[in-house]
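Structure record follows, encoded as structure tokens.
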Amino acid sequence: MPLQQFASDPAPIADPAALLHHCETHSAGVAAIKPKVLFLKIEAENAGPVPMKINVPSSGFGSVTLLEAAALISIVKLVQPRKIFEFGTFLGYSTALLIDNAAEDCAVYSLDLGEAHASETTLESYADADLRRDGNINDDYLRAVQSAAPPRYLGGLSDAINARLTLLQQDSRTFDPAAHGLVGTVDLVFVDGGHDLETVAIDTANARKMIGDSGVILWHDFRSTIHGDVTTFVEALAKDELVIHVQHTMMAMLLVGDIRTQFLGIGVGGPLQDAD
């Protein structure tokens, strides 16, 4: 999906030390970082090359790009979560990225609408131009794609990996983290389900419940030219909290508590003082 760029945007932060300084001196706003900031942190944590497992990205709508996949994997390896929750399974591409690149004891939960909410419109009925201009049509098309095939990127997972994966099917607006024992137990939440303002707000509120006082919330489709409600929500949140946007991607990140301190300190050295 196309990505919005703004001429007034400040130059993106280019190294971990500059990111740390920005986070020490700013308590709100959107801070853009170059993708290499994540890669520099990976290199600082590891003496040798760090492998990652990745499928060739889908050519259709609704998946992450290759750069977004690399950024997502890097964040997983830096945070080292023991529990991940994803809103929006779709074809299972990002689900596979998360579970394939997390530690062997990391549990992954992924929630999507399921067959009960399948689109009744055939794939052939959608025009490409409509998919690129209208978020509602785009979302309905994604439901139709999902209805036509199971999450195909999960088909090749081993039995050991599948044992760590829990797939949930329900409307995320009625999802109760407490019913699944997830309140305060999740380290990383990836919000990439419904793109309307109501759903993004509810999913984010549940993400906050799940991470408790320490964790990471990631949103996809930030600054998408199609799903503007995600950008509206995140930018409103950034009036009171500091959000990190990875340049050339539609990924935005909120760091909370001890994980924030640990993440920002990687590749810098010295103690981190929380911003007031």
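The values are calculated or read from the model by the stated rules, or taken from the named source; none is laboratory data. Just so we're clear, the structure is a prediction, and the values are computed from it rather than from any experiment. A quick note on method: Cβ atoms are made from the backbone with ideal geometry, for glycine too, and the neighbour counts reach across all protein chains shown. When the accessible area is computed, the model is the full protein with side chains, heavy atoms only, and any ligands, DNA or RNA have been set aside. Shrake-Rupley method; radii C 1.70, N 1.55, O 1.52, S 1.80 Å.
Taking 0.36 nm per residue of separation and subtracting the Cα-Cα distance, full extension of the segment from residue 80 to residue 262 would add 64.4 nm.
Model label points for residue 168 and residue 43, set 7 angstrom from Cα along the Cα-to-Cβ axis, are 3.9 nm apart. Counting only protein heavy atoms and using a 1.4 Å probe, the accessible area of residue 157 comes to about 20 Å². Take residue 82: with every protein chain present and a 1.4 Å probe, its accessible area is about 110 Å².
Let me cross-check residue 158: its accessible surface, 1.4 Å probe, with only protein heavy atoms counted, in Å² to the nearest 10? Around 60 Å² of this residue is reachable by solvent. The amide H of residue 188, built 1.01 Å from its N in the peptide plane, has 83, 85, 216 as neighbours under 5 Å, considering only residues 5 or more places off or on other chains. Residue order by solvent-accessible surface for 41, 83, 239, 53 is 239, 53, 83, 41, largest first, with ligands and nucleic acids left out and a 1.4 Å probe.
Taking the range 9-52 and a reference point 7 angstrom along Cα→Cβ of residue 104, no backbone N atom is nearer than 15 Å. Using the Cβ-Cβ distance between residue 55 and residue 24 with R0 set to 41 Å, the FRET efficiency from 1/(1 + (r/R0)^6) comes to roughly 0.60.
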